[in-house]
Amino acid sequence: MINILENISLKRYNTFGIDAKARYFVKVHSIDDIFDLLQTKQFQENRRIILGGGSNLLFRSDFQGLVILVEIKGVHFEGSTKSNTILKVASGENWTDFVELCVKNRLYGLENLVSIPGKVGAAPVQNIGAYGVEQKDYLHKVEYIDSTTGNIEVVDKDECKFEYRSSVFKGNLEGKAIITNVYYELSREWKPNINYKDIKQELDKFSFVKPDAEYVLNTVKRIRKRKLPDPLDIGNAGSFFKNPVVDESQFLTLKEKYPDIPYFLSNDKYKIPAAYLIEKCGWKGRSVGNCGVYDKHSLILVNYGNASGEEIYQLSENIRQSVQEQFGILLEREVIVVE
């Protein structure tokens, strides 16, 4: 039985801690709840947003529509091949809890993605990634309910059209798909992925240790805790901007002017850390009113306690403008701005 509430504060439902209000708010705990919700007047006559952990959203103001909080739970064995196991994971499961469960059960591949805030259902939408791994590397398929037809649909990995922090769920299926289950195919054979700079440096401190999956998982936890603020202490949504990708000509022009500019070469394109650009523009550690840029990582915008969504949005706009003026690059937000 669903219970649609009115004029609910979303402060506890977004990691920025923005005290925006939802005109309508509902929690769904099962697929049947979703089917019931599709029949309601509130669903049919309002703009809608699907909320997981609220860790990649910025509410710019009150939301004059329906906020759907997905709380479907469950992790189930779905099948296996010679060396892999397929798990069916409900979209409302906590992502880090799921990653830790995999390692505990000797299912490998996702350990580098531990401590990314949010729920499993959001992982394929954003194609989350960190420390040399993206969730798409282990995704098998995604099950969702098409809100326009009421049908349960399934898309495989190729149909998800994964790109850097993007997918079909931010494209053709945006606003239509309510993800119910995500299937991951994980290896039963441990093959460490530890070449990413931060992990390698951390492991080199204890070079006498032969890292297993749990050791790598705990290493990533330690790195993230040191570099990134806990949303329970300081409101934030993790990396606010995507790392921009430029062609060779633009990169060489930048390299001539900024010899120390870091980059990652991929498919003849140059990915430049947005954190470097923001720091070069003097934003790192800078406060503006009730918000600012984190002093340990310039990709993180923070709420010092009483910031409005509009304040943080304007801060992000000022950062984008200064980076564009200095480097000729317009940063793209990774965080979704909800108007």
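Would you check which residues across the stretch 120-134 are closer than 19 Å to N195 by Cα and among the hydrophobic types (A, V, I, L, M, F, W, C) and list them?
Answer for the stretch 120-134, where residues must be closer than 19 Å to N195 by Cα and among the hydrophobic types (A, V, I, L, M, F, W, C): I128, A130, V133.
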Practice problem: Could you check how many residues of the stretch 318-334 are at pLDDT 95 or above and either in contact with a Gly (Cβ under 9 Å, 6 or more places away or on another chain) or open to solvent by less than 60 Å² (accessible area, probe 1.4 Å) (or both)? | Solution: 9
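Looking at E202, E214, which one is open to solvent by 40 Å² or more (accessible area, probe 1.4 Å) and part of a helix (DSSP H, G or I)? Give the steps one after another, and end with the answer.
Details: E202 fails: open to solvent by 40 Å² or more (accessible area, probe 1.4 Å).
Of E202, E214, the one residue that is open to solvent by 40 Å² or more (accessible area, probe 1.4 Å) and part of a helix (DSSP H, G or I) is E214.
Among K82, K73, which is of a type in the set (K, R), within 20 Å of S115 (Cα to Cα) and more than 18 Å from the chain's Cα centre (by Cα)? Walk me through it before giving the result.
On the way: K82 fails: within 20 Å of S115 (Cα to Cα).
Going through K82, K73 in turn, just one is of a type in the set (K, R), within 20 Å of S115 (Cα to Cα) and more than 18 Å from the chain's Cα centre (by Cα): K73.
Go through the stretch 205-244 and report how many residues are β-branched (V, I, T) and within 19 Å of the chain's Cα centre (by Cα).
3
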Quiz item: Is there any pair with a first residue in the stretch 258-281 that is under 12 Å from D247 (Cβ atoms) and a second that is among the acidic types (D, E) and part of a loop (DSSP other than H, G, I, E, B) whose Cβ atoms are under 9 Å apart and which are 6 or more apart or on different chains, and what are they?
Solution: D268/D247; K269/D247; Y270/D247
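Please specify each residue of the stretch 158-174 satisfying the condition of being within 17 Å of A122 (Cβ to Cβ) and not polar (S, T, N, Q).
Keep residues of the stretch 158-174 that are within 17 Å of A122 (Cβ to Cβ), which gives 160-171, 173-174.
Matches in the stretch 158-174: C160, K161, F162, E163, Y164, R165, V168, F169, K170, G171, L173, E174.
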Quiz item: Any residue in the stretch 179-189 that is surrounded by fewer than 20 Cβ atoms within 10 Å (Cβ to Cβ), assigned to a strand (DSSP E or B), among the small types (G, A, S) and under 16 Å from the mean Cα position of the chain (by Cα)?
Solution: no
Exercise. Filter the stretch 48-91 down to residues that are more than 29 Å from S9 (Cα to Cα), assigned to a strand (DSSP E or B) and β-branched (V, I, T), then give me how many there are.
Key: 3
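Pick out the one residue from G17, G52, G65 that is at pLDDT below 95 and over 16 Å from G150 (Cβ atoms).
Details: G17 fails: at pLDDT below 95; G65 fails: at pLDDT below 95.
Result of the check over G17, G52, G65: G52.
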Quiz prompt | Positions within the stretch 20-41 being over 22 Å from K176 (Cβ atoms) and either modelled with pLDDT under 95 or open to solvent by 60 Å² or more (accessible area, probe 1.4 Å) (or both), in sequence order | solution = K21
Practice problem: Return a yes/no flag: does the stretch 220-241 have any residue that is open to solvent by 20 Å² or more (accessible area, probe 1.4 Å), charged (D, E, K, R), more than 28 Å from G292 (Cα to Cα) and modelled with pLDDT of 90 or more. | Solution: no
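Which residue out of I145, I152, I178, I199 is hydrophobic (A, V, I, L, M, F, W, C) and under 30 Å from H297 (Cα atoms)?
On the way: I145 fails: under 30 Å from H297 (Cα atoms); I152 fails: under 30 Å from H297 (Cα atoms); I178 fails: under 30 Å from H297 (Cα atoms).
The conditions single out I199.
Residues that are buried (at least 18 other Cβ atoms within 10 Å of the Cβ): find the strands (runs of 3 or more DSSP E) completely inside the stretch 263-302 holding 3 or more of those. If you could, list the steps in order and put the result at the bottom.
Values: elements: 264-266, 269-271, 291-293.
Per the criteria, 291-293.
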Quiz item: Since R47 meets every condition but one in (1) open to solvent by less than 80 Å² (accessible area, probe 1.4 Å); (2) of a type outside the set (A, V, I, L, M); (3) in contact with a Leu (Cβ under 8 Å, 6 or more places away or on another chain), which condition does it not meet?
Solution: (1)
Quiz item: Which pairs do you get when a residue that is touching a residue at least 12 places away in the same chain (Cβ under 8 Å), found in the stretch 144-169, comes within reach of a residue that is open to solvent by 80 Å² or more (accessible area, probe 1.4 Å), reach meaning Cβ atoms under 7 angstrom, with the pair 6+ apart or on two chains?
Solution: I145/I152; D146/K176; S147/K176; T148/K176; S167/K161; V168/E159; V168/K161
Exercise. Run down K141, K157, K161, K104 and say which single residue is of a type outside the set (A, V, I, L, M, F, W, C), open to solvent by 30 Å² or more (accessible area, probe 1.4 Å) and in contact with a Ser or Thr (Cβ under 7 Å, 6 or more places away or on another chain).
Key: K161
Self-check item: Residue list for the stretch 70-128, filter: within 26 Å of L203 (Cβ to Cβ) and acidic (D, E)
Solution: D97, E100, E111
Practice problem: Give the stretch 117-132 a look and list any residue that's open to solvent by 20 Å² or more (accessible area, probe 1.4 Å), of a type outside the set (S, T, Y) and farther than 17 Å from Y183 by Cβ, or say none. | Solution: P117, G132
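The values are calculated or read from the model by the stated rules, or taken from the named source; none is laboratory data. All of these numbers come straight from a predicted model, not from anything done at the bench. Note: ideal-geometry Cβ built from the backbone for every residue, glycine included; neighbour counts use all protein chains shown. Protein only, heavy atoms only, side chains kept; ligands, DNA and RNA dropped before computing areas. Shrake-Rupley method; radii C 1.70, N 1.55, O 1.52, S 1.80 Å.
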